[in-house]
Amino acid sequence: MTNNATIKCWHCKKQVNLNFHRVYTPDKEQWEGTCPCGTKNYISKPSWDKEEEVHA
């Protein structure tokens, strides 16, 4: 599952629309998107993440 979101890259400071996918880290669930500049950006608990368990 992926979602698009427009964010400001923390490295190159550009507004970019990235395709985020869920990644699991030891402390929390985050979503990762890679900027065209090559920098990985992370967001925690985005608006589209409704805490629902989806079983495919």
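The values are calculated or read from the model by the stated rules, or taken from the named source; none is laboratory data. Since the model is a prediction, treat every value here as computed from it, not as a measurement. With ideal geometry, Cβ positions are generated from the backbone for all residues, glycine too; neighbour counts draw on all protein chains shown.
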Of the criteria (1) surrounded by 12 or more Cβ atoms within 10 Å (Cβ to Cβ); (2) in a loop (DSSP other than H, G, I, E, B); (3) modelled with pLDDT of 95 or more, which one residue 49 fails: (3)
Residues that are part of a strand (DSSP E or B) and either surrounded by fewer than 10 Cβ atoms within 10 Å (Cβ to Cβ) or at pLDDT 85 or above (or both), drawn from segment 25-46: 30, 31, 32, 33, 34, 40, 41, 42, 43, 44
